[in-house]
Amino acid sequence: MALTAEVKDELTHVEVGKTSVRAAELATILRFSGGLHLISGRIAVESELDTPQLARRVRRDLSELYGVRSEMTVLSASGVRRTNHYLVRVVDGGETLARQTGLLDARRRPIRGLPNRLTTGAPEEIEAIWRGAFLAHGSLTDPGRSAALEVTCPGNETAMALVGAAGRLQVPAKAREVRGVHRVVIRDGEAISDMLGHMGAKRSVQNWEDLRQRREVRANTNRLVNFDDANLRRSAQAAVAACARVERALEILGESTPEHLRYAGQLRLDHRDASLDELGHHADPPMTKDAVAGRIRRLLALADKRAIDEGIPGTDANIPADIDA
């Protein structure tokens, strides 16, 4: 939630000069955060917002763009509403405002999606649509497996319009419905950064990228640690198995063990944790790791052949049950 609040705070303070862009943002906020109500037979436009700063921005735009007066009411936190919300309502001139902002058509019928003039507007107007939608009902989760920039939509039509708007900005977004609630979701990390940039949250883009990089470094470190642990476990198991087989081979062959093979086997037993290369350095005179490996391999093969001839357990017999030979 902290990320969402940071982004919304930054977007609330984005300064927009063009009237058409301000109108696109305001129309989207009204569409995603409120609705139309009948009060004493008159159509009223209402918008329920998260913060007093956003409520003031909406009231200012209503006054400057459409010349209408609005009133604000504080809705105290209760039940599912964990924090105070701010209800902006326009009664006088509400029907005219609804038509101007695309909430009503010419026949006084509610428009279920977004007005076509908005979704086919200039790129900065498309960006304003997404900014308004996020301010009204957006959220951003931390980078990671479940990272997402998400907007809750009032219906399927608005969700599809928002997906289309994202497509015009070259940002992949998907609409989905969960338990009757329509949402538009962007999950790819780079796509989230792109959309934050389009909306005007430049500072949040940098914070998001920093968080992404830290998470990726931490994830890579954890993978490497786990990989190293797995390699160490396999190496340890291989050393235990090798020593167990060499011990059994020397038991099977006894005094008949060729001296050069016995020497290699004893090297393995004297330096149980050493690699083949290290065993070669311990030898006198020094040997290559291939020479050490070859001698131990011949020792085990010779012992296994003797075990088969005599009908006794081979070199695998001494390997502990919990070790994968």
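Among the lysines of the chain, pairs at least eight places apart or on separate chains and with Cα atoms under 30 Å apart come to 7.
In whole percents, the pair-distance distribution calculated for the chain from its alpha-carbon pairs, binned every 20 Å from zero, is 25, 31, 12, 19, 12, 1. GNM on the chain, C-alpha springs below 10 Å: top fluctuator among Arg183, Arg297, Arg108? Among Arg183, Arg297, Arg108, the largest mean-square fluctuation in the Gaussian network model of the chain belongs to Arg297.
A crude spin-label estimate for the pair Glu157 and Lys305, with each label 7 Å from Cα along the Cβ direction, gives 8.7 nm.
Amide H contacts of Ala148: Thr141, each under 5 Å away and 5 or more positions distant or on a separate chain (H built 1.01 Å from N in the peptide plane; Pro and chain starts excluded). Between the helical axis of 52-66 and the longest alpha-carbon principal axis of the chain there is an angle of about 40 degrees.
Computed from backbone phi with θ = phi - 60° and the Karplus coefficients 6.51, -1.76 and 1.60, the 3J(HN,Hα) list for region 241-258 is 5, 4, 5, 4, 5, 5, 4, 5, 4, 5, 5, 5, 7, x, 5, 8, 5, x Hz; x is used for glycine and proline.
What does the helix-only formula give at 222 nm for the chain: each DSSP H stretch with n ≥ 4 adding -39500 (n - 2.57), the total divided by the residues, and the result rounded to the nearest 500 deg cm²/dmol? Working shown, then result.
Numbers: 12 runs with 184 residues, N = 325.
The helix contribution divided over the chain gives -18500 deg cm²/dmol.
Using 0.36 nm per residue and subtracting the Cα-Cα separation, the extra length available between Ala77 and Asp277 on full extension is 65.0 nm.
Counting Lys and Arg as +1 and Asp and Glu as -1 over every other residue whose Cβ lies under 10 Å from the Cβ of His260, the net charge comes to +2. Relative contact order for the chain: 13 percent, from Cα pairs under 8 Å spaced at least 6 residues apart, divided by residue count.
Computed from the coordinates by the stated procedures, all read-outs in this text should not be read as laboratory data. Just so we're clear, the structure is a prediction, and the values are computed from it rather than from any experiment. Heads up, the Cβs are rebuilt from the backbone with ideal geometry, glycines too, and the neighbour counts pull from every protein chain shown.
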